[in-house]
Ligand SMILES: [Zn+2]
C-alpha cells in the first residue's frame, strides 16, 4: 500500500469480480483500517486488500473482491467500470 505515496491523489479501487460493482477509497483510509485490524498497513500489498474485505458485494451478494490502485483525476462511475474490465482481462 505504501506505493500510493508515489501517486498523489490515487485511489484504491475495490471491485467485485462477479459483477460490475466497484467503489474507490482514499488509500490513507484503507491503511488506517488495516492497522486497526492489526494486519500491517503500509506494507500490505495492494492486491491483498481485497482478501481482507469481510462483507459481501452489495450488488450481487458474492464475495469475490479485487483491488487495484488507480490514478484518476476524476474517477466517475463509467471510468471505474472501464478500469474493472481492464483489470480483469
Ligand atoms: Zn458483485
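Over the chain, Cα pairs under 8 Å with separation of 6+ residues give a relative contact order of 39 percent. Each Cα pair under 8 Å and six or more residues apart adds its separation to the average, and for region 35-78 the resulting relative contact order is 33 percent. Secondary-structure-derived ellipticity at 222 nm for the chain, considering helices only, amounts to -8000 deg cm²/dmol, per-run term -39500 (n - 2.57) for DSSP H runs with n ≥ 4.
Values quoted throughout were computed directly from the atomic coordinates according to the rules given, and no laboratory measurement underlies them. Please read all numbers here as calculations on a predicted model, not as lab measurements.
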